[in-house]
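The values are calculated or read from the model by the stated rules, or taken from the named source; none is laboratory data. This is a predicted model, so every value here is computed, not measured. Neighbour counts are summed over all protein chains in view; Cβ atoms, including those assigned to glycine, are modelled from backbone coordinates with ideal geometry. In case anyone asks, the SASA skips ligands and DNA or RNA and just uses the protein heavy atoms, side chains included. Shrake-Rupley method; radii C 1.70, N 1.55, O 1.52, S 1.80 Å.
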Amino acid sequence: MAHKKAGAHTVIISSPQKVALIRDVDKDLRLDELRERFIQDVDLILSEGFKKDVQPKIEIFRKEKHRELLCTPQDNLVAIVSNRTFEVGVPCFDLDDMKGLADFIEKRYLNSGRSRRLL
């Protein structure tokens with residue numbers, strides 16, 4: 001990181017098992033811009049945040065922390081993971097039902113030919 005502190009625009013950190021790229025950008029990049037610039041050879045991209053982005057969303061909701069959902073089906077909400085039940089027209093998985101959620105993601109995005117979709 002000394003190179004970055006000294007003013008380098010781009011720094012790559014490499015080891016036998018990993019590579020990391022740190023690059024200055026002019027703006028906050030959208031998910032599709034990140035995918036096009038930095039991500040290759042993957043079948044599925046999972047991200048956190050990007051609530052206003054157009055990509056499909058799975059909202060994690062804990063009734064102890066929130067009163068209402070942040071997203072709606074109009075925001076491209078495709079599923080909810082929660083300790084509360086919602087009737088908003090998308091599947092709702094229990095917080096402990098990771099197999100159900102994984103099956104949903106696999107069926108909808110990996111077995112449907114929609115590879116490289118952002119989620």
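Reachable lysines from Lys52, Cα under 18 Å, same-chain residues fewer than 8 places away excluded?
Lys27
Restricting to bridges with both residues inside the chain, how much of the DSSP beta-bridge set is antiparallel, in percent to the nearest 5? Walk me through the numbers on the way to the answer.
Working: 5 of 15 bridges.
Within the chain, antiparallel bridges account for around 35 percent of the total.
Work through the residues other than Lys99 whose Cβ is under 13 Å from its Cβ and net out their charges, Lys, Arg +1 and Asp, Glu -1. Spell out each step's value before the answer.
On the way: positive: Lys107; negative: Asp94, Asp96, Asp97, Asp103, Glu106.
Net of charged neighbours comes to -4.
Counting every Cα pair in region 7-52, what percent are over 14 Å apart?
On the way: 658 of 1035 pairs.
In whole percent, the share of Cα-Cα pairs in region 7-52 beyond 14 Å is 64.
What label, among (i) 27, 19, 12; (ii) 33, 18, 14; (iii) 26, 16, 11, belongs to semi-axes √(5λ) of the Cα gyration tensor in Å computed from the structure on display?
Here semi-axes √(5λ) of the Cα gyration tensor in Å agrees with entry (ii).
What does the accessible area per residue of region 23-119 come to in Å², with a 1.4 Å probe and no ligands, DNA or RNA counted? Let's see the in-between values first.
Details: 6920 Å² over 97 residues.
Accessible area per residue, region 23-119: 71 Å².
Mind running the shape call on region 48-91? Use the C-alpha gyration tensor, a ≥ b ≥ c as the square roots of the eigenvalues: rounded below 1.5 for a/c, prolate if a/b tops b/c, oblate otherwise.
Numbers: a/c = 2.05, a/b = 1.38, b/c = 1.48.
In terms of gyration-tensor shape, oblate.
Carbon and sulfur atoms: what percent of the 1.4 Å accessible area of the chain do they account for? Present the calculation step by step, with values, prior to reporting the outcome.
Details: 4370 of 8860 Å².
In the chain, the share of accessible area belonging to carbon and sulfur is 49 percent.
With θ set to phi - 60°, apply the Karplus curve 6.51 cos²θ - 1.76 cosθ + 1.60 along region 25-30 and write out the HN-Hα couplings as whole Hz, x wherever there is a Gly or Pro.
10, 7, 7, 6, 7, 6
Under a 10 Å cutoff between Cα atoms, tell me which one of Ser14, Ser82, Ser47 has the largest fluctuation in the Gaussian network model of the chain.
Between Ser14, Ser82, Ser47, it is Ser14 that shows the largest mean-square fluctuation.
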